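The values are calculated or read from the model by the stated rules, or taken from the named source; none is laboratory data. Just so it is clear, the structure is predicted and the values come from calculations on it, not from any experiment. Don't worry about glycine lacking a Cβ; one is built from the backbone with ideal geometry, like all the others, and counts go over all protein chains shown.
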Amino acid sequence: MISHEEKMASLSPERRARIQARAEETLKEIRAIRELRSHLGLTQEELAERVGVSQSQISRLENGSRGLTFEDFSNFVRSLGGEWHLTVKLPDFGAIQVVGSSDFPKEE
């Protein structure tokens, strides 16, 4: 069986860089969820109840074993009374807000 290190070494530098960048994004997501929960003074169980998921789902989000989908993110923010906005920035175009929480249907 090939080790993780051997597999990574076999990839192109560009592919390794993309994998590393995604891993860093995931770590930022995990830290943001933990920090928000901590800032609000909530336990995983209390946050799960507000969001409408199980405590184990919050735990898996925080430890990185479950990815955060856009729908999860939207429900998470709105259940805490927040709102979100998605802005796209392109070279030679500038920034444009393409959607906000008021445009995204809330899951029932």
- Message: Would you confirm whether or not the stretch 26-38 contains a residue that is without any contact (Cβ under 8 Å) to a residue 12 or more places away in the chain, of a type in the set (A, V, I, L, M) and not in a helix (DSSP H, G or I)?
- Response: no
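Is it true that R34 is within 13 Å of the chain's Cα centre (by Cα), among the basic types (K, R) and at pLDDT below 80? Steps first, please.
On the way: within 13 Å of the chain's Cα centre (by Cα): yes; among the basic types (K, R): yes; at pLDDT below 80: no.
Taking the combined requirement at face value, the residue does not satisfy it.
Any idea which residue in the stretch 84-108 is modelled with the highest pLDDT, counting only those that are under 15 Å from the mean Cα position of the chain (by Cα) and surrounded by 12 or more Cβ atoms within 10 Å (Cβ to Cβ)? Write out each step before concluding.
First pass over the stretch 84-108, keeping only residues under 15 Å from the mean Cα position of the chain (by Cα): 84-86.
Add one more test, that the residue is surrounded by 12 or more Cβ atoms within 10 Å (Cβ to Cβ), and what stays is 84, 86.
On the way: W84: 81, L86: 78.
The qualifying residue modelled with the highest pLDDT is W84.
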Log entry, pairs with first residue in the stretch 40-55 being crowded, with 17+ Cβ neighbours inside 10 Å, second being aromatic (F, W, Y), beta carbons closer than 7 Å, six or more apart or on different chains, reads V51/F76
Subset of the stretch 44-81, residues part of a loop (DSSP other than H, G, I, E, B), closer than 18 Å to E25 by Cα and among the aliphatic types (A, V, I, L, M), comes to L68
